[in-house]
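The values are calculated or read from the model by the stated rules, or taken from the named source; none is laboratory data. What you see is a predicted model; the values in this text were computed from it and never measured. Cβ: placed from backbone, ideal geometry, glycine included. Neighbour counts: every protein chain shown. Ligands, DNA and RNA are excluded from the accessible area calculation, which covers all protein heavy atoms including side chains. Shrake-Rupley method; radii C 1.70, N 1.55, O 1.52, S 1.80 Å.
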Amino acid sequence: MLFCVSGLRFPRVSPVYRFGASSFNGASRSCSLSLLLKKHHFSPFSSLTVAASKKVLDPGGQGDASSPMTDQLESPSTISDDPQVIHNVDIEGMEDDKMIAVEEQESFPSVFANSDEEAHAEEPSVPLHRNASTEKSEAKPRSIPPPGEGQKIYEIDSLLLGFRNHIDYRYAQYKKIRKEIDKYEGGLEVFSRGYEKLGFTRSETGITYREWAPGAKSAALIGDFNNWNPSADTMSQNEFGVWEIFLPNTADGSPAIPHGSRVKIRMETRSGVKDSIPAWIKFSVQAPGEIPYSGIYYDPPEEEKYVFKHPHPKRPKSLRIYESHVGMSSMEPLINTYANFRDNVLPRIKRLGYNAVQIMAIQEHSYYASFGYHVTNFFAPSSRFGTPDDLKSLIDRAHELGLLVLMDIVHSHASNNVLDGLNMFDGTDAHYFHSGSKGHHWMWDSRLFNYGSWEVLRFLLSNARWWLEEYKFDGFRFDGVTSMMYTHHGLQVAFTGNYNEYFGYATDVEAVVYLMLVNDMIHGLYPEAVTIGEDVSGMPTFCLPVQDGGVGFDYRLHMAVADKWIELLKKRDEDWKMGDIVYTLVNRRWLEKCVVYAESHDQALVGDKTIAFWLMDKDMYDFMSLDRPSSPIIDRGIALHKMIRLITMGLGGEGYLNFMGNEFGHPEWIDFPRGEQHLPSGKVIPGNNFSYDKCRRRFDLGDADYLRYKGMQQFDQAMQHVEAKYGFMTSEHQYISRKDEGERVIVFERGNLVFVFNFHWHESYGGYRVGCSKPGKYKIVLDSDDLLFGGFNRLNHDVEFFSTEGWYDNRPRSLLVYAPNRTAVVYALVEDEPKATGNLQLTENVKNC
């Protein structure tokens, strides 16, 4: 692995350290300069939020800290840090000018006013490498619609009327912030382009660097370009806590900071001197032999910048998502690259029939084993896998293949790493985060954002937009949304569906309003973009439009289904309840779409088991080869693995997700390379000697003709192609006609397809009557018992099935079918089929793939 300042090769070294929040370590050049600093923390403000206006709004001079209404949003610079849930506040009839009390101020200057840039304001400053796209910047202007009335949700769900005070207050707060952003920032469209002002920007005459660090006493830009001399390039601070420096071009016209140079900001704080990676840095690396990361000034020459060649694919009606992790996507025990993923994994995803790839661990994270969820540099793609341009090439290739690219974005928390990340960035505990215990997630050991801070809103909104604008992602899966929306973070809480759990004092309204704002911004500027929220609580209105009063996500991740399967897999087959399975799959809110999965990366991590491992365990080591007899455990496992995935996709939602490798029952677990951990309590957690052996994906197992894994992979592939052909996940017609606990049979219709599942462990049913809605001829289009899929070939695919009139299971017609035990079969109305289809043709297509 190489490191060089030219920017051609960057390190891919896994750090093995952890940092607490009680000390700082500064690093400069290739030799680390460490300073042990004071442990006390402080906040330079009476408010915990932005270093902005020195005026704290108190309309009429009668401010009362105990008043939850007036102190929610005193000014754009101060959004209350106090718990803000209002359950019994009557806001009906309030006019906008009363809700938006901040309007009574004469003015609120920009945080960038009176900056050094005024001297060179005639030179437009732009964020680095924004022009690496074939899309014309002069395309039609994009705008975000103004807030609506937020009342339609009550027509959709009348139960919300009992909590109208809380919900209307929430919407009033959202409208209030939107109005303030319009007044003081020029609108949400401008506000979400913070990367054009903060961080490094380049104009024709030089480079401007700005950093919001109100807690710092002094600041200097240091790096390779000035031999890490803190006296060479000192910065000036404006009244809002923004530090700034302008570096004019050199005499020959080249930038003062060469592309690929390492950079940091050195700050003197009340806690001591601290070297930090710029918060808005676009790339950071860890050099070989060094523990800390370094920020990289990434601005390659025009001829080296990647230029996008392919447009975004059209947003599909139903999402079939392949969840992936670039680093562990190699078949070899190593960290994979963006380029290898582009060339080898993307074609596989396309061939398998998925139409979207969701990529984890994109945002830079110092600790590899965090799976990318302890982010240190929010605007930087992980350097372990390659350069920013490599990532762009990957996304462009996915678009060429017709695949949407969704990013697993983390705005729910941040790494507590004080050396590489945002924690204690300016020497204060309450900079980007809440202070004290409110700002720490006790289970995740991470920092929690203060969503009531003006500059935090700017940072996060701009971050979401940066990935869409610069890298052409097609949307996001927002991680940890349940943790954001509740002050208890969803920990040690069992959500029962009682609406008091969603609209009470445990709800973090500031966080919910942020989610409304980010969805508003994304859908306003990028109408085709997809947003998925990871929420286990079942928050009502979560997937309803913001203008109607909802939170604004397109999809909720239907997390309860995976938990149900694990619960059932711990029981005997005889104890499975068909009604329980169906209820869990269909238990979702009306008009709120879900992405469902039988298992994701969570179930594959060390300490848990995949469905395949729950089903087959150690027999997978001895009986998966086709050149020897199977075992009853393997036969059962393969059969149920296919059935579980199909019924999950068939009933569970409007989108489907699979974690890479699980389509063929990837054996064992995921275990990131890690060393031995010594906890403060004295307990020692064993490591794995930094092994990558279980941090990879053995795609060769699913491709091997001599292993049973291939049949499982081909079934998953056929399942995706059937959904692509018939679109059953988004069909308006869905009817469950049978949940037979004695026979262990489930029958349902989606669109013009009839699904028949026989979960019985030994009983097969000949001449079995199942209800259907439409008359005509039906044919098998998917059969889990097909020999190609590792089944026993008990069904004749040439047989045609004709409906007969007469009510059966509340259906006007019925079919007679054969339902072998532990088998799932899908029947399609022939008139509804394209020419030359049917199970045999589908099977042939899968063989050809």
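Just to be sure, is Gly652 surrounded by 18 or more Cβ atoms within 10 Å (Cβ to Cβ) and either out of contact with any Asp or Glu (no Cβ under 8 Å at 6 or more places or on another chain) or on the phi < 0 side of the Ramachandran plot (or both)? Let's see the steps before the verdict.
Working: surrounded by 18 or more Cβ atoms within 10 Å (Cβ to Cβ): yes; either out of contact with any Asp or Glu (no Cβ under 8 Å at 6 or more places or on another chain) or on the phi < 0 side of the Ramachandran plot (or both): yes.
So Gly652 fits the description; yes.
Consider Pro214 against the criteria (1) more than 18 Å from Ser284 (Cβ to Cβ); (2) open to solvent by 30 Å² or more (accessible area, probe 1.4 Å): it satisfies all of them except one. Which criterion is unmet?
(2)
Tally up the residues in the range 310-343 that are in a helix (DSSP H, G or I) and within 28 Å of His374 (Cβ to Cβ), please.
Result for the range 310-343: 5.
State which residue pairs qualify: first residue more than 16 Å from Val513 (Cα to Cα) and of a type in the set (Phe, Trp, Tyr) and inside the range 147-167, second residue part of a helix (DSSP H, G or I) and at pLDDT 95 or above in any location, beta carbons under 6 Å apart, and separation of 6 or more residues or different chains.
So the pair list comes out as Tyr154/Leu160; Tyr154/Leu161; Phe163/Tyr499.
If I go through the range 217-267 residue by residue, how many of them are closer than 25 Å to Ala287 by Cα and part of a strand (DSSP E or B)?
12
I want to confirm something. Restricting to the range 690-730 and keeping residues that are under 23 Å from Val830 (Cβ atoms) and among the aromatic types (Phe, Trp, Tyr), which single residue is most open to solvent (accessible area, probe 1.4 Å)?
Checking each candidate, the answer is Tyr726.
Could you grab me the full set of residues in the range 680-737 that are hydroxyl-bearing (Ser, Thr, Tyr) and either within 28 Å of the chain's Cα centre (by Cα) or over 21 Å from Ser324 (Cβ atoms) (or both)? Talk me through it step by step, then tell me what you get.
If we filter the range 680-737 for residues that are hydroxyl-bearing (Ser, Thr, Tyr), which is where we start, we get 681, 691-692, 706, 709, 726, 730-731, 735, 737.
Listed by number, the residues that qualify are Ser681, Ser691, Tyr692, Tyr706, Tyr726, Thr730, Ser731, Tyr735, Ser737.
Starting from the range 179-194, take each residue that is within 13 Å of Leu525 (Cα to Cα) and list its partners that are part of a loop (DSSP other than H, G, I, E, B) and open to solvent by 60 Å² or more (accessible area, probe 1.4 Å), counting only C-beta distances under 7 angstrom and pairs at least six apart or across chains.
Hits for this filter: Glu189/Arg142; Glu189/Ser143.
Of the residues Tyr818, Tyr735, only one is part of a strand (DSSP E or B), out of contact with any Asp or Glu (no Cβ under 9 Å at 6 or more places or on another chain) and either open to solvent by less than 30 Å² (accessible area, probe 1.4 Å) or not charged (D, E, K, R) (or both); which? Break it down into steps so the answer makes sense when it comes.
On the way: Tyr735 fails: out of contact with any Asp or Glu (no Cβ under 9 Å at 6 or more places or on another chain).
That would be Tyr818, the only listed residue that is part of a strand (DSSP E or B), out of contact with any Asp or Glu (no Cβ under 9 Å at 6 or more places or on another chain) and either open to solvent by less than 30 Å² (accessible area, probe 1.4 Å) or not charged (D, E, K, R) (or both).
Under 9 Å between Cβ atoms, which residue pairs at least 6 apart in sequence (or on different chains) link something in the range 590-609 that is surrounded by fewer than 22 Cβ atoms within 10 Å (Cβ to Cβ) with a partner that is of a type in the set (Lys, Arg)?
Lys593/Arg556; Val606/Lys694
Specify the residue that is nearest to Met616 (Cα to Cα); the eligible residues are those in the range 551-571 that are surrounded by fewer than 24 Cβ atoms within 10 Å (Cβ to Cβ) and small (Gly, Ala, Ser).
Within the range 551-571, the subset surrounded by fewer than 24 Cβ atoms within 10 Å (Cβ to Cβ) is 554, 559-560, 562-571.
Right, trim to small (Gly, Ala, Ser) and you get 560, 562.
Working: Ala560: 23, Ala562: 17 Å.
The residue in question is Ala562.
Is it the case that some residue within the range 317-335 is open to solvent by 10 Å² or more (accessible area, probe 1.4 Å) and closer than 24 Å to Glu304 by Cα?
no
If we keep just the residues of the range 675-713 that are of a type in the set (Phe, Trp, Tyr) and assigned to a loop (DSSP other than H, G, I, E, B), which is farthest from Ser330 (Cα to Cα)?
Start the filter on the range 675-713 by keeping residues that are of a type in the set (Phe, Trp, Tyr), which leaves 690, 692, 699, 706, 709.
Okay, now just the ones that are also assigned to a loop (DSSP other than H, G, I, E, B), so 690, 692, 706.
Working: Phe690: 17, Tyr692: 10, Tyr706: 21 Å.
So the residue we want is Tyr706.
Looking at Ser382, Ser393, Ser366, which is the one that is of a type in the set (S, T, N, Q) and surrounded by fewer than 23 Cβ atoms within 10 Å (Cβ to Cβ)?
On the way: Ser382 fails: surrounded by fewer than 23 Cβ atoms within 10 Å (Cβ to Cβ); Ser366 fails: surrounded by fewer than 23 Cβ atoms within 10 Å (Cβ to Cβ).
Checking each option against the conditions leaves just Ser393.
Give me the pairs, please: first residue somewhere in the range 426-439 and closer than 18 Å to Thr487 by Cβ, second residue anywhere and among the charged types (D, E, K, R) and open to solvent by 10 Å² or more (accessible area, probe 1.4 Å), beta-carbon distance under 7 Å, and either six or more positions apart or on two chains.
Going by the 7 Å Cβ cut-off, the qualifying pairs are His434/Asp81; Ser435/Asp429; Gly439/Asp429.
With in contact with an Asp or Glu (Cβ under 9 Å, 6 or more places away or on another chain) and not basic (Lys, Arg) as the only criterion, which of Val747, Val722, Val756 stands out?
On the way: Val722 fails: in contact with an Asp or Glu (Cβ under 9 Å, 6 or more places away or on another chain); Val756 fails: in contact with an Asp or Glu (Cβ under 9 Å, 6 or more places away or on another chain).
None of the other options fit; the residue is Val747.
Any residue that is small (Gly, Ala, Ser), open to solvent by less than 20 Å² (accessible area, probe 1.4 Å), in contact with a strand residue (DSSP E or B) (Cβ under 7 Å, 6 or more places away or on another chain) and more than 18 Å from Asn165 (Cα to Cα) - is there at least one of those in the range 464-477? Before you say what the answer is, go through the steps one by one.
Going residue by residue through the range 464-477, those that are small (Gly, Ala, Ser) are 464, 475.
Add one more test, that the residue is open to solvent by less than 20 Å² (accessible area, probe 1.4 Å), and what stays is 464, 475.
Next, from what is left, pick out any that are in contact with a strand residue (DSSP E or B) (Cβ under 7 Å, 6 or more places away or on another chain): 464, 475.
Filter once more, so that each one left must be more than 18 Å from Asn165 (Cα to Cα): 464, 475.
Yes: the range 464-477 contains one or more residues that are small (Gly, Ala, Ser), open to solvent by less than 20 Å² (accessible area, probe 1.4 Å), in contact with a strand residue (DSSP E or B) (Cβ under 7 Å, 6 or more places away or on another chain) and more than 18 Å from Asn165 (Cα to Cα).
Which of the following residues is crowded, with 24+ Cβ neighbours inside 10 Å, assigned by the TED database to the domain that holds Asn463, closer than 19 Å to Gly475 by Cβ and out of contact with any Leu (no Cβ under 7 Å at 6 or more places or on another chain): Leu419, Leu404? It would help to see each step written out before you state the result.
Working: Leu419 fails: closer than 19 Å to Gly475 by Cβ.
Matching residue, one of Leu419, Leu404: Leu404.
Search the range 250-291 for residues being closer than 28 Å to Lys392 by Cα and more than 35 Å from the chain's Cα centre (by Cα), and hand back the single one that is surrounded by the fewest Cβ atoms within 10 Å (Cβ to Cβ). Spell out the reasoning first.
Restricting attention to the range 250-291, the residues satisfying the condition of being closer than 28 Å to Lys392 by Cα are 254-265, 276-288, 290-291.
Going one step further and asking which of them are more than 35 Å from the chain's Cα centre (by Cα), we end up with 254-256.
On the way: Ser254: 10, Pro255: 19, Ala256: 18.
Only one residue fits best here, namely Ser254.
Examine the range 832-839 for a residue that is modelled with pLDDT of 95 or more, in contact with a strand residue (DSSP E or B) (Cβ under 8 Å, 6 or more places away or on another chain) and either closer than 27 Å to Glu732 by Cβ or not basic (Lys, Arg) (or both), and state whether such a residue exists. Break it down into steps so the answer makes sense when it comes.
Restricting attention to the range 832-839, the residues satisfying the condition of being modelled with pLDDT of 95 or more are none.
No, that holds for no residue.
If you scan the range 283-294, which residues turn out to be within 16 Å of Ile362 (Cα to Cα) and assigned to a strand (DSSP E or B)?
Ser284, Val285
Residues in the range 745-764: is at least one free of Cβ contacts under 8 Å to residues at least 12 places away in the same chain, not in a strand (DSSP E or B) and not aliphatic (A, V, I, L, M)?
Taking the range 745-764 first, the residues free of Cβ contacts under 8 Å to residues at least 12 places away in the same chain are none.
No, the range 745-764 contains no residue that is free of Cβ contacts under 8 Å to residues at least 12 places away in the same chain, not in a strand (DSSP E or B) and not aliphatic (A, V, I, L, M).
Can you work out which of the residues in the range 578-591 that are in contact with a strand residue (DSSP E or B) (Cβ under 6 Å, 6 or more places away or on another chain) and of a type outside the set (Gly, Ala, Ser) is modelled with the lowest pLDDT? Working first, answer last.
Taking the range 578-591 and keeping what is in contact with a strand residue (DSSP E or B) (Cβ under 6 Å, 6 or more places away or on another chain), we get 578-579, 582, 588.
From what is left, the residues that are of a type outside the set (Gly, Ala, Ser) are 578, 582, 588.
Details: Met578: 98, Val582: 98, Arg588: 93.
Residue satisfying both the conditions and the ranking: Arg588.
Assuming Gly766 fulfils every condition listed in (1) at pLDDT below 95; (2) surrounded by fewer than 17 Cβ atoms within 10 Å (Cβ to Cβ); (3) of a type outside the set (A, V, I, L, M, F, W, C) apart from one, which condition is it?
The failed condition is (1).
Taking the options Asp548, Asp535, name whichever one is open to solvent by 10 Å² or more (accessible area, probe 1.4 Å) and of a type outside the set (Ser, Thr, Tyr). Break it down into steps so the answer makes sense when it comes.
Working: Asp535 fails: open to solvent by 10 Å² or more (accessible area, probe 1.4 Å).
Only one candidate qualifies: Asp548.
How many residues, within the range 516-566, are among the charged types (D, E, K, R) and under 25 Å from Lys175 (Cβ atoms)? Write out each step before concluding.
Taking the range 516-566 and keeping what is among the charged types (D, E, K, R), we get 520, 528, 534-535, 548, 554, 556, 563-564.
Adding the requirement that they be under 25 Å from Lys175 (Cβ atoms) leaves 520, 535, 548, 554, 556.
The number of residues fulfilling the criteria is 5.
For Leu460, indicate whether it is open to solvent by less than 10 Å² (accessible area, probe 1.4 Å), out of contact with any strand residue (DSSP E or B) (no Cβ under 8 Å at 6 or more places or on another chain) and assigned to a helix (DSSP H, G or I).
Values: open to solvent by less than 10 Å² (accessible area, probe 1.4 Å): yes; out of contact with any strand residue (DSSP E or B) (no Cβ under 8 Å at 6 or more places or on another chain): no; assigned to a helix (DSSP H, G or I): yes.
No, not satisfied.
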